[in-house]
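Shown next, in C-alpha cells, is the structure this report addresses.
Read-outs throughout are calculated quantities, based only on the coordinates presented, and are distinct from any laboratory measurement. No experiment lies behind these values; they were computed from the predicted model shown. Every residue, glycine as well, gets a Cβ built from its backbone with ideal geometry; the counts of neighbours run over all protein chains shown.
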Amino acid sequence: MDKRVILASASPRRRELLEQIGIVFETGVSDQEERYVSTKPSEIVKELASQKARNVASEIKGELKNTIIIGADTIVVLDNQILGKPKDEEDACQMLRNLQGNCHQVFTGTAILSYDEKGALTVDTHAEETKVFVHEMKESEIKSYVKTGEPMDKAGAYGIQGRFAAYIEKIEGDYYNVVGLPVSYVYQKIKREMGE
C-alpha cells in the first residue's frame, strides 16, 4: 500500500538523498521557532527532528491518513560544544580552525511520523552518530575554503560532500548521516511502514 511521504525539511541535501534512493516525496517546511530542553546531543537532535515533523503535520490541511512525515536535524559537536551554522566568514574560519587536526561528532536525529489508514499515529525517533576526523589545515586553506561560500549554510562550517572532502581524513559511521540524513535507516523504516 502506498503512503504519501512528506520530508519536513528545506535542506537541498536531504532532498537529494531521498531522491537518490528512489523515494517519491513532497516537502513541507515549518516556520515555527525550534527550542529544545535536552542537554545530550543525541536527545537534542531527536527533539528538534520531532518538532519539525509535528509542526509540518499541524500545518497540513485535510487528512493525515496514509501519510509518513520525516523530520530531521543535524548538529556538529566538538568537545561537547554544539557548532551551528556560522554567523559570518570569520566565525566560519574559527570553527574550521577548531575542527582541523581534530575529531568531532555529527549527530542527525530523525523523527518518522506514520499515520495509518484510520489516521492513528506511530512515532519513531532515532539519533545517528558519526565521528569525523579532519586533517590539519593551513590558515590559507581555511580562508580559501571559506571564500567559496560553501560553509555558510552548514552546521560546523563545512560540507563533507563538497570541497571540504579534501580535508576529511576518515569517518567512523554513516557517511550520509554527515550529509544530513541516515538514508538507509530512513528507507528501512519507510519500507516497513509501507508494509513491503
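Structural remarks
- For the residues Q51, Q161, Q20, a GNM of the chain with alpha-carbon springs under 10 Å puts the largest fluctuation on Q20.
- Hz values of 3J(HN,Hα) by residue in region 87-92 - Karplus curve (6.51, -1.76, 1.60), Gly and Pro given as x: 6, 7, 5, 5, 4, 4
- Under the simplified labelling scheme, the Q188-V29 pair shows an inter-label distance of 3.1 nm, with each label point 7 Å from Cα along Cα→Cβ.
- The chain: relative contact order in percent, alpha carbon pairs under 8 Å with at least 6 residues between: 23
- Take the Cα of K170, go 7 Å toward its beta carbon, and the backbone nitrogen atoms of region 107-134 under 17 Å from that spot belong to 130-134.
- Nearest 10 degrees, 0 to 90: helix 41-59 Cα axis against the chain principal axis: 40
- Cβ-defined net charge surrounding I60, 15 Å radius [Lys, Arg +1; Asp, Glu -1]: +2
- Charged-residue dipole, Cβ positions (Lys, Arg, Asp, Glu), the chain about Cα centre, Debye nearest 20: 200
- Modelled FRET efficiency - R0 22 Å, F133 with R163, Cβ distances, 0.05 increments: 0.80
- Karplus (6.51, -1.76, 1.60) ³J(HN,Hα), θ = phi - 60°, over region 128-144, in Hz, Gly and Pro reported as x: 10, 10, 10, 8, 10, 10, 10, 4, 5, 10, 6, 4, 5, 5, 4, 5, 5
- Here's how it looks for L7: its modeled amide H is under 5 Å from those of E26, T27, G28, I70, which are all 5 or more places away or on a different chain.
- Over 26 Å between alpha carbons, listed pairs K3/K52; K52/K118; K52/K143; K46/K143; K40/K143: K52/K143; K46/K143; K40/K143
- For region 26-62, backbone nitrogen atoms closer than 20 Å to the point 7 Å from N80 Cα along Cα-to-C-beta are found at 36-46.
- Most positive-pole-ward Cα, I112, G101, F164, against dipole of the chain from beta carbon charges: I112
- Each residue of region 150-162 is assigned a 3J(HN,Hα), and the resulting list reads 4, x, 5, 10, 10, 4, x, 6, 7, x, 5, 8, x Hz, derived from the Karplus form 6.51 cos²θ - 1.76 cosθ + 1.60 (θ = phi - 60°), x at Gly and Pro.
- Counting only Cα atoms, region 1-124 measures 51, 32, 23 Å along its principal axes, largest extent leading.
- What the Cβ-Cβ distance of T122 and D2 gives, at R0 = 25 Å and to the nearest 0.05, is a FRET efficiency of 0.90.
- Q100-D153 pseudo-label distance in nm [points 7 Å out on the Cα-to-Cβ vector]: 2.6
- Relative to the Cα centre, the charge distribution of region 77-182, modelled as +1 at Lys and Arg Cβ and -1 at Asp and Glu Cβ, gives a dipole magnitude of about 260 debye.
- Amide hydrogen neighbours beyond the local backbone of G84, cut-off 5 Å, H modeled: G156
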